[in-house]
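Notes for the one structure printed next.
The values are calculated or read from the model by the stated rules, or taken from the named source; none is laboratory data. On a predicted model such as this, the values are computed, not experimentally measured, just so you know. We place every Cβ from the backbone using ideal geometry, glycine too, and count neighbours over all the protein chains shown. To get the accessible areas, we keep the full protein, side chains included, count just its heavy atoms, and leave off ligands, DNA and RNA. Shrake-Rupley method; radii C 1.70, N 1.55, O 1.52, S 1.80 Å.
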Amino acid sequence: MKSTKTPSALRVAIIGAGQVADKVHASYYCTRDDLELVAVADSRLSQAQALAEKYGQAQAWDDPQAMLREVRPDIVSICSPNRFHHEHVLQALAAGCHVMCEKPPAMTPEQAEEMFQAARRAGKVLAYDFHHRFAEDCQLLRQQVMDGQLGDIYVTTARALRRCGVPGWGVFTNKELQGGGPLIDIGIHMLDAAMYVLGFPAVKKVTAHSFQKIGTRKNSGQFGEWDPSVYTVEDALFGTVEFHNGGILRLETSFALNIPEQSIMNVSFCGTDAGATLFPLHIYNDDGGELNTLLQRDQADDRRHLRSMEAFIRHVQGEPVMIADAEQGRIIQTLVAALYQSAQTGKCVEL
C-alpha cells in the first residue's frame, strides 16, 4: 500500500505503551499525514509490539535509549509510569527530540526543574498533557478573567473527587512508582486548570491534610479491584493554596470518599463582580437576590485531549499557540510537592 504520509512528515516515537499511549497519543498521531509513528518502546516488549501493530508498521523496542539512538525520531511522547518521566524526558531531549509528556511532569520539583532547564538548553519543546485547560470552557473563562469580567477573584475551589474510583490497573496505588494517589493523578488536573484560568498567580504558602481510610479496607470499586495490602497512596487530600495577591485556592481530591456523587471534576471561581463554574462554563452574579446568568454553555467540551495534542504539534511546527509548557509544569509540580509535604508534616509550607 502506498504511504499517504508527506515526504517531510515528522517522525514520532512513544515511550510507554499503556492505555493513554493507545487512546490519546498514538490515536492522534495516526490521524495526521504530516506525522509518522515510527517506534514504540516499553519495558514489556509484547506490549510495545501490540501497540505498534495496532497503528501500522512502527518498530517495537524494550530499550527506550537504544530506540532513541537508532530510530532518531523528531517527536517523542512519554507515557511511562510517573517514576520514569524524568529519565525518559531527559533522554528524549538529549536525543534532539521535542517532547510531549503525560502528567505529572515528574516525582519532585527538582526533577521538573532539571527537565525545564534541559528543554531550554536543547531549544526543544517540552509540553505536559494537562488537557483540561484546552477545553473551550477553560479558554473562554481565561479570556473573561483577563478582560476583568469576574473582577478580583479571591476564592477558587478545585475538586477532583471519586466516591470509589481507585484504578484497578497499572501502578496507581503504588506510591513508589506513582508518587502519590489522587492528588498527583486527578487532582493535579483541576489544579492546573485553576492555575491556568487565574494566570498562575504567585503562591505564598500551602497547607494540606491527607487521609488513608478506605483504600486499605476495601478492594473493589468503580474501576475494578485492587489489593488493599499494598495500597500505599492517600485516599483523599484537602489543601489550601494562599496567593500573594490575597486570594486562596481550595483543593479537594479523592480516589475514595463517601460522597453521593460518583465523580466530580470541576473548578469554581468567586470574584468581586461575578462567579463561574468551569465544566460546563457558567458565569453568573446576583441581581436583587436572583441568579443572573452572564454566559452559559450547555455542555462541557469533551475534545480536550485532542486539543492538547494538536496544540503541542502546532507549537512544534512554529505556531505561537498556548501549551502547558515546562515552566508551568515546574510550578504545578512544586505545588503538588508542597501539598504532600504539608499533609505529611502537619505544617504550613511557605513558597
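Quick one: net charge of Met195's neighbours, Cβ under 15 Å, K/R +1, D/E -1?
+3
Each helix, a run of at least 4 DSSP H residues, gives -39500 (n - 2.57); summed and divided by the residues of the chain, these come to -9000 deg cm²/dmol at 222 nm. Summing Lys and Arg as +1 and Asp and Glu as -1 over all other residues whose Cβ lies under 14 Å from the Cβ of Phe134 gives a net charge of -1. Based on the reciprocal of the average 1/r between different C-alpha atoms, the Kirkwood radius for the range 1-111 equals 13.8 Å. Taking one quarter of the surface of the convex hull spanned by the alpha-carbon atoms of the range 257-315 gives a direction-averaged projected area of 6.9 nm².
The heavy atoms of Lys205 present about 60 square angstrom of accessible area, all protein chains included, probe 1.4 Å.
For the chain, a Gaussian network of Cα nodes joined below 10 Å ranks Met190, Met265, Met322 by mean-square fluctuation, and the top entry is Met322. Charge dipole (Cα centre; +1 on Lys/Arg Cβ, -1 on Asp/Glu Cβ; no other charges) of the chain amounts to roughly 600 debye. If you average the alpha carbon positions of the range 308-351 and of the range 43-63, how far apart do those two centres end up, in angstrom? Going from one Cα centre to the other spans 30 Å.
Rolling a 1.4 Å probe over the protein heavy atoms leaves Tyr284 with an accessible area of roughly 50 Å². Out of Thr293, Thr108, Thr240, any idea which swings most in a Gaussian network model of the chain, alpha carbons joined below 10 Å? Looking only at Thr293, Thr108, Thr240, the largest GNM fluctuation is found for Thr293.
Once C-alpha pairs closer than 8 Å and six or more residues apart are averaged by separation and normalised to the residue number of the range 284-351, the relative contact order reads 13 percent. About its Cα centre, the dipole of the range 1-125 is roughly 260 debye, where the only charges are +1 on Lys and Arg Cβ and -1 on Asp and Glu Cβ.
For the chain, relative contact order (Cα pairs under 8 Å, six or more residues apart, normalised by length) works out to 18 percent.
What pairs from Lys23/Lys54; Lys103/Lys124; Lys103/Lys347; Lys175/Lys218; Lys103/Lys175; Lys124/Lys204 go past 20 Å between their alpha carbons? Pairs exceeding the cut-off: Lys103/Lys347; Lys124/Lys204.
Taking a point 7 angstrom from the Cα of Ile259 along the C-beta vector, which residues in the range 128-166 have backbone N less than 13 Å away? Answer for the range 128-166: 157-165. How many angstrom lie between the Cα centre of the range 87-156 and the Cα centre of the range 229-294? Centre-to-centre (Cα) distance: 21 Å.
Using R₀ = 35 Å, calculate the FRET efficiency as 1/(1 + (r/R₀)^6) where r is the Cβ-Cβ separation of Ala94 and Thr232; round to 0.05. Given R0 = 35 Å and the Cβ-Cβ separation, E is 0.65. Translational diffusion coefficient of the range 198-315 (Stokes-Einstein, Kirkwood radius from Cα pairs, 37 °C, 0.692 mPa s): 183 µm²/s.
Taken along its three principal axes, the alpha carbon spread of the range 198-239 comes to 40, 18, 13 Å, from the longest extent down to the shortest. When P(r) over Cα pairs in 20 Å bins from 0, in percent is computed from the coordinates, the matching label among (i) 27, 55, 18, 0; (ii) 28, 48, 21, 3; (iii) 29, 57, 13, 0 is (iii). Structural descriptor for the range 211-342: relative contact order 11 percent, calculated from alpha carbon pairs under 8 angstrom and at least 6 residues apart.
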